[in-house]
Amino acid sequence: PADPDTEERAYLDAITGDLSAGCSASNYYCDIVDTNYLNKNGWPDLIVVGAFYDSLISEEFVGNATEKNVPIVMLKNSYEGDESETEPRDMLEMIELVETLALALGTTEDAVAVGNDKASFCEAAGSFRRIAQTAQDNGVRSMASYMPYQKDHAEGLTGAFLPNPDQDPVLSMMQNLGLPILYNEHNGNYWEYHAGDYSAGAGIFKSIGTTSLSGEVLYHVDFWLYDDRVSLDFLSDQFAEDWPHPALVAKQHAYWPSNARILSYKHAGEILTVVGAQLKDAQRVSSPTDCTLFDGVAGTPRDLGPGEYSCVSIKPVSFCTAEDVGIEKTKETDDGEPKPDSTSADSTSADSTMEEEEQGGTISSSGAVRIVTVALAVVTPMALLL
């Protein structure tokens, strides 16, 4: 977690071995994976790498693992690598992938614990679904951002990075539950860049007349989702003074844990609860615009244009009931088509509570199999690109 509480800190402190001792204690990007520790203390039987951190696994690291006959499991999403090879997955899909891996590795599931986490998620999803519908009805539009970036900008300007809603699992999950979220001029990338040459004072994102990178599209934002890695800077009084966007001044914002990082039903439910609590009273503070109808399959990339946001298109949650999320629960028929299903939530799935630190590498074990998880959260599936 980016900001671990006392219980999470105690769990992390209890982990023996730190593969990123050179930077894990810093408050910045940590990209060191120390193979000397593994050479000294022994390599695991399997290495699991999260989708957010593919870049940590260098050719040298892969070569060393191959030499030791240690397979590497790469949990894939569209954040890293060639997006054409990987269909974007929302947070629930990533959690289910991790759950599948845990079962494949022989994890003993706790049906009660997982069932409770799923039930809590369904309750949070239902509440969020209703709040998002109210936001849609009131014309309130959200936008996600990593800002401020760098300092010494002219008044009303800042450095910023705006994510593509189709490629972030948390944003996709919230949009699939009805959140009105604005698309940007990402040109197929994960980010739209407003940081100039990345130096101090080079930011070009405007607080008044907020526009796309080209300057051709106005962004009518009523609610900001700020990357949790810049929480302190975003929430500071100084930032609101320096960059007085109407939604920021009105304190209409909530955190957004980019790429989820901790992949568990519990964490997903917490995100929806926190964001929903901030969103429920938000009002429109920018000029009105209409939503864009999405006629594709719910849950697939919507690929909207800059400044557009999707009308409500709900993706069913297989283990939630109709009452939970305000839609019919579905299951697949023999021909692969969904059909209504009124059965209660399924509680027979793997316990996905083995959460690891998001930065650097940590060491854990599952039964007789020793596992290293690199900058991920939760252990699970086969030895492939998943």
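Miscellaneous remarks
- On the stretch given as the range 57-81, residues that are modelled with pLDDT of 80 or more and either among the polar types (S, T, N, Q) or open to solvent by less than 40 Å² (accessible area, probe 1.4 Å) (or both) total 15.
- The range 7-34 residues that are within 20 Å of residue 65 (Cβ to Cβ), paired with ones that are part of a loop (DSSP other than H, G, I, E, B) and among the hydroxyl-bearing types (Ser, Thr, Tyr) (beta carbon under 6 Å, 6 or more apart): 18/24; 30/20; 30/24; 32/20
- Residues within the range 82-130 that are buried (at least 23 other Cβ atoms within 10 Å of the Cβ), more than 19 Å from the chain's Cα centre (by Cα) and modelled with pLDDT of 95 or more, tallied: 0
- One residue from 237, 233, 228, 222 being free of Cβ contacts under 8 Å to residues at least 60 places away in the same chain and out of contact with any Leu (no Cβ under 9 Å at 6 or more places or on another chain): 237
- The number of residues in the range 167-206 that are more than 17 Å from the chain's Cα centre (by Cα), part of a loop (DSSP other than H, G, I, E, B) and not charged (D, E, K, R) comes to 14.
- Hits in the range 273-317 (condition: free of Cβ contacts under 8 Å to residues at least 60 places away in the same chain and farther than 22 Å from residue 91 by Cβ): 281, 290, 292, 293, 295
- Matching residues, the range 226-278, being among the charged types (D, E, K, R), buried (at least 16 other Cβ atoms within 10 Å of the Cβ) and not in a helix (DSSP H, G or I): 227, 261
- Residues of the range 131-140 that turn out to be surrounded by 19 or more Cβ atoms within 10 Å (Cβ to Cβ) and either under 14 Å from residue 309 (Cα atoms) or acidic (Asp, Glu) (or both), as a count: 3
- Residues in the range 293-326 that are under 17 Å from residue 166 (Cβ atoms) and among the small types (Gly, Ala, Ser): 296, 298, 299, 305, 307, 310, 313.
- As for the range 198-206, it holds at least one residue that is among the hydroxyl-bearing types (Ser, Thr, Tyr), at positive phi and open to solvent by 70 Å² or more (accessible area, probe 1.4 Å).
- Complete set of residues in the range 207-220 that are under 24 Å from the mean Cα position of the chain (by Cα) and open to solvent by 60 Å² or more (accessible area, probe 1.4 Å): 213
The values are calculated or read from the model by the stated rules, or taken from the named source; none is laboratory data. A quick note: this is a predicted structure, and the numbers were derived from the prediction, not measured. With ideal geometry, Cβ positions are generated from the backbone for all residues, glycine too; neighbour counts draw on all protein chains shown. With ligands, DNA and RNA removed, areas are computed over all heavy atoms of the protein, side chains included. Shrake-Rupley method; radii C 1.70, N 1.55, O 1.52, S 1.80 Å.
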